[in-house]
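Accompanying notes for the structure given below.
The values are calculated or read from the model by the stated rules, or taken from the named source; none is laboratory data. Values in this document were obtained by computation on a predicted structure and should not be read as measured data. Positions of Cβ are generated from backbone atoms using ideal geometry, with glycine treated the same way; all protein chains shown enter the neighbour counts. All accessible areas refer to the heavy atoms of the entire protein, side chains included, with ligands and DNA or RNA removed. Shrake-Rupley method; radii C 1.70, N 1.55, O 1.52, S 1.80 Å.
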Amino acid sequence: MIYDLVVIGSGPGGYVCAIRAAQLGLKTAVVEKDPTYGGTCLNVGCIPSKALLHASHMFEEAGHGLAPLGVIVDPPKLDLAAMMKHKNETVGANVNGVAFLFKKNKVDAYRGVGRLAGAGKVEVTGADGASQTLETRNIVIATGSAVAPLRDASGAEIQIDEKLVVSSTGALSLEKVPQRLVVIGAGVIGLELGSVWRRLGAQVTAIEYLDRVLPGFDLEVATRFQKLLEKQGFAFKLSSKVTGVKHEGEGVVVSYSSVDGATSDTVAADVVLVATGRIPYTQALRLEEAGVALERGRVVIDDHFATNVPGVYAIGDVVRGPMLAHKAEDEGVAVAEILTGQAGHVNYNVIPSVVYTSPEVASVGVTEEDAKAKGLDVAIGKFPFSANGRARSMRETDGFVKFIADAATDRVLGVHILGAGAGELIAEAAVLMEFSGSSEDLARTCHAHPTMSEAMKEAALAVAKRAIHI
Ligand code: NAI
């Protein structure tokens, strides 16, 4: 049998692509090396971290957030095993859901490591070492990303044992709350998982190479966010590079120096989380042998997700663009549509990004810094949640909404939100930007959604200095 499509990798990019392709009539197979489907996001990424972020937020609210609302409860007790059970059940339900969808849509699933084995061939090697070769008209590489290695001052790779020195994977399964957690890298993973363990009782110190947290996000938002995290108990060592991680007694000592090398120090930890980014995962695919071009580890594709080898496509973390599950999913749908003669398309200007901390941080489009760097003439509108009635009623007044619009046309170019519910609110902006709306259009659509959306409306109106409530 010859497949129309073999997808390598069953993460959000791969599984969505395979299912959509099957729905569109292609005889489709998917190849997965891990025991369960769903890739990093479902197994050791977005989904388990969201389960722990929600549960730890509830714990913190029960301890500190309820009394001011007149709800008096005994100080909560942590049952970490039960919290982990909730996380594991959430993951289980999601990965089983993908298996169900494969069956329902008649996607053949093969377990094993996939590699390109010549034109139209994918070799699958199972855990028992046995191989089989699938023949196919098209291949989609959707193999995702892996933890970026971190090197000490001598250039040696810092070893991750997933017990004392953990990646995000180990940080989702610690058996007890570390007294002292050191996070290397104050990006999305460091601040989300740092938040989980801080809420459960850890003292968290984040060591960050840059002079700011959350690179890529609007600087004003990130700076305010850092202050809020400090109020929650986070300690930050910015402009600092880690020079070594040494086991000492039961714990670990992390040495670091200022980026200019002028000062150096150490910090002791029970657990160290390495969260310094992720790199495309192409191991075992034998892409070089197959002639597939790579650029700085990423598979090179054209605007239609095609690599330089005919019939071979790539999507998700393994190609250019943000390493986000929803971006990979959209690319998966687009490539399935392209393969069936439709006009699959992803609008990269409107991919929102959310940090699921408390408060949340959400962003879509250009930041103020991007706008300056591109020499764009922009008008900026802002609105604080402290002036929003519903935010006040929920005691969630930290943060603000920030709009960046084209000064001449009023078209929205970027929206950045720090505050409760930011992850939901950003969708209004993303949908509007998809249709090239102006800040006036956005203000009008917000009339349909009162309460927190008022903050969106007022920030949108503030672009033209027409906000009412401040
Ligand atoms: P990141 O790129 O967001 O942050 C890594 C941080 O480590 C950066 O601030 C960087 O400056 C810093 N860093 C790099 N090398 C360093 C060193 N030697 N010493 C100190 N600091 C150093 O990457 P992160 O947090 O690992 O996340 C990986 C990917 O996963 C990202 O693309 C992110 O968008 C995605 N992700 C998305 C989530 C979401 O959408 N909610 C959640 C978690 C991850």
Quiz item: If a residue has to be more than 7 Å from the ligand (Cβ to nearest atom) and acidic (Asp, Glu) to count, how many in region 193-216 make the cut?
Solution: 1
Quiz prompt | Unique match (being in contact with a helix residue (DSSP H, G or I) (Cβ under 9 Å, 6 or more places away or on another chain) and not assigned by TED's automatic domain parsing to the domain that holds Leu418) among Glu220, Glu250 | solution = Glu220
Practice problem: Kindly establish whether Ala334 is touching a residue at least 24 places away in the same chain (Cβ under 8 Å), in contact with a His (Cβ under 9 Å, 6 or more places away or on another chain) and away from the ligand (no atom under 12 Å from the Cβ). | Solution: yes
Quiz item: If you check Glu162 against the conditions, is it open to solvent by 30 Å² or more (accessible area, probe 1.4 Å) and of a type in the set (D, E, K, R)?
Solution: yes
Quiz item: Within the group Asp4, Asp34, which residue is in contact (Cβ under 8 Å) with a residue 60 or more places away in the chain and open to solvent by 10 Å² or more (accessible area, probe 1.4 Å)?
Solution: Asp4
Quiz item: For region 167-192, how many residues are crowded, with 24+ Cβ neighbours inside 10 Å and within 14 Å of the ligand (Cβ to nearest atom)?
Solution: 9
Exercise. Could you tell me whether any residue of region 308-319 is open to solvent by 30 Å² or more (accessible area, probe 1.4 Å), away from the ligand (no atom under 16 Å from the Cβ) and hydroxyl-bearing (Ser, Thr, Tyr)?
Key: yes
Quiz prompt | Which numbered condition Tyr256 misses (of (1) assigned to a strand (DSSP E or B); (2) without any contact (Cβ under 8 Å) to a residue 12 or more places away in the chain) | solution = (2)
Quiz item: Can you tell me which of Glu369, Glu396 is within 16 Å of the ligand (Cβ to nearest atom), open to solvent by 30 Å² or more (accessible area, probe 1.4 Å) and either within 25 Å of the chain's Cα centre (by Cα) or of a type outside the set (A, V, I, L, M) (or both)?
Solution: Glu369
Exercise. Give the number of residues within region 330-355 that are buried (at least 20 other Cβ atoms within 10 Å of the Cβ) and farther than 19 Å from Gly13 by Cα.
Key: 1
